[in-house]
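**Student:** Just dropping this structure here.
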Amino acid sequence: MNSKHRRRLPVIAATLALAVAGLVVAAVHSAPEASAGVGGLTWSDEFDGAAGAAPDGAKWKHDVGGGGFGNSELEYYTDGAANSALDGAGHLVISARKENPANYNCWYGRCEYTSSRLLTAGKFTQKYGRFEARIKIPRGQGIWPAFWMLGDDIGTNPWPNNGEIDIMENVGKEPGTVHGSLHGPGYSGGNPLTGWTTLSGGRALADDFHTFTVDWAPDSVVWYLDGVQYERQTPADTRGNRWVFDHPFFMILNVAVGGTWPGSPDASSTYPQQMVVDYVRVYGYTSDGGGTTQPPAGGGRITGIGGKCVDVQAANPANGTQVQLYDCNGTPAQQWTRPGDGTIRALGKCLDVQAANSANGTRVQLYDCNGTAAQKWTANPDGTLRALGKCLDAKDVSSANGTPLQVWDCFAGANQRWSFA
């Protein structure tokens with residue numbers, strides 16, 4: 001998030017329209033190499049606690065000040081509850097406000113705004129793995145939310161030589177666009193390695209929660225929005241400069257106001273603006289290609305919330321037959337085969353998402369196997385099964401017999417975690 005940048009042009013001539021995920025992708029790259037394996041959970045914050053409580057001091061600390069942080073930002077970062085606190089419903093809320101309650105001084109004079117910047121430096125760092133957060137971002141001209149990382153040797157190896165990985169950045173003048181970038185020696189400031197993706201239909205990222213993820217391996221960094229890959233960078237992309245993503249990094253969450261990239265707020269900007277963080281989770285790296293995969297080849301039952309089984313509603317299913325939860329009973333309607341091609345099959349048909357746009361609540365059904373993305377499922381370290389960028393979900397967090405299965409934004413709750421027998 002230092003000395004921000006302009007976007008580069010797409011590097012592939014034909015842009016792939018990912019209509020099935022509701023995204024317009026600016027640059028499409030090949031899938032991650034098998035070496036980019038994701039291991040088990042190594043660190044997380046679910047932000048459970050009383051409303052008004054401070055973020056966990058064992059996990060986070062605050063940057064404090066109004067020096068512009070290398071970007072001519074206009075806010076003064078505080079460590080107070082008005083700018084960062086839990087909401088009592090499992091979220092961290094970072095609030096940017098147009099105020100100066102303590103006569104703070106900024107680089108340009110008396111500060112006009114306050115906000116918060118939290119980091120794990122000195123508390124948690126990791127080299128390689130998956131770094132993910134589910135966030136509802138703020139909106140408005142001049143607002144600049146970010147979830148990002150810096151190399152932990154920044155004290156002795158100044159930026160950009162220490163490296164920077166921007167997992168999620170948004171500027172208010174581009175309400176539907178998320179940016180992911182790398183900064184290093186020779187590719188920093190206004191000229192990083194960068195990619196982006198934009199929601200379709202004029203939707204704004206601030207309208208709902210979204211999941212922002214990077215998978216970081218020795219030979220690559222890969223970015224995802226809601227489980228759909230939109231960018232990949234490797235050492236070959238550094239324009240002949242050094243690849244500096246080979247040592248531990250720490251994480252940062254912040255909401256900046258103004259700065260060289262977003263520009264200043266204007267008369268349309270309103271306050272407070274809040275970034276609501278549902279969780280931050282970090283997974284380890286494995287060199288054996290483990291992690292996000294096609295469901296393992298084999299067969300048997302699939303169990304979910306309450307120990308109930310994934311079940312086909314009718315013993316002789318027609319196309320469109322609902323898939324549901326039901327007491328495990330060993331019938332063929334609960335015997336699922338996994339041939340290793342991403343499909344999950346029962347009674348001669350495939351587990352299928354009914355609509356290609358996969359809006360929250362789209363039903364999951366049985367349908368003739370046809371090789372489309374609506375029938376390609378990936379298994380994830382957090383127990384989720386994903387297709388079209390969303391997760392297999394038991395409706396209303398219910399385990400009652402007959403609960404229909406659907407797809408929904410991924411949050412890895414109990415109704416989105418599945419086990420293969």
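No value in this document is a laboratory result; all are computed from the given coordinates. Everything numeric here is computed off the predicted structure, so don't read it as measured data. Note: ideal-geometry Cβ built from the backbone for every residue, glycine included; neighbour counts use all protein chains shown.
**Student:** If I filter the stretch 232-248 for residues that are closer than 29 Å to G140 by Cβ and of a type in the set (V, I, T), do I get at least one hit?
**Tutor:** Looking through the stretch 232-248, none of the residues is closer than 29 Å to G140 by Cβ and of a type in the set (V, I, T).
**Student:** Can you tell me which residues in the stretch 127-179 are surrounded by fewer than 20 Cβ atoms within 10 Å (Cβ to Cβ) and not in a loop (DSSP other than H, G, I, E, B)?
**Tutor:** K136, T177
**Student:** Can you pull out the residues in the stretch 205-233 that are under 11 Å from the mean Cα position of the chain (by Cα) and not in a strand (DSSP E or B)?
**Tutor:** Going residue by residue through the stretch 205-233, those that are under 11 Å from the mean Cα position of the chain (by Cα) are 209-215, 223-229.
Correct list: F209, D226, G227.
**Student:** Which of the residues spanning the stretch 218-262 are under 15 Å from H183 (Cβ atoms), among the acidic types (D, E) and buried (at least 20 other Cβ atoms within 10 Å of the Cβ)?
**Tutor:** E231
**Student:** Do you know which residues across the stretch 391-421 are surrounded by fewer than 17 Cβ atoms within 10 Å (Cβ to Cβ), over 16 Å from D311 (Cα atoms) and either of a type in the set (A, V, I, L, M) or touching a Gly at 6+ places or on another chain (Cβ under 9 Å) (or both)?
**Tutor:** V397, A414
**Student:** Condition check: hydrophobic (A, V, I, L, M, F, W, C), closer than 28 Å to G57 by Cα and not in a loop (DSSP other than H, G, I, E, B). Does A121 satisfy that?
**Tutor:** Details: hydrophobic (A, V, I, L, M, F, W, C): yes; closer than 28 Å to G57 by Cα: yes; not in a loop (DSSP other than H, G, I, E, B): no.
Answer is no for this residue.
**Student:** Mind checking which residues of the stretch 355-410 are more than 24 Å from Y224 (Cα to Cα), free of Cβ contacts under 8 Å to residues at least 60 places away in the same chain and of a type outside the set (A, V, I, L, M, F, W, C)?
**Tutor:** Those that are more than 24 Å from Y224 (Cα to Cα), free of Cβ contacts under 8 Å to residues at least 60 places away in the same chain and of a type outside the set (A, V, I, L, M, F, W, C): Q365, Y367, D368, N370, K395, D396.
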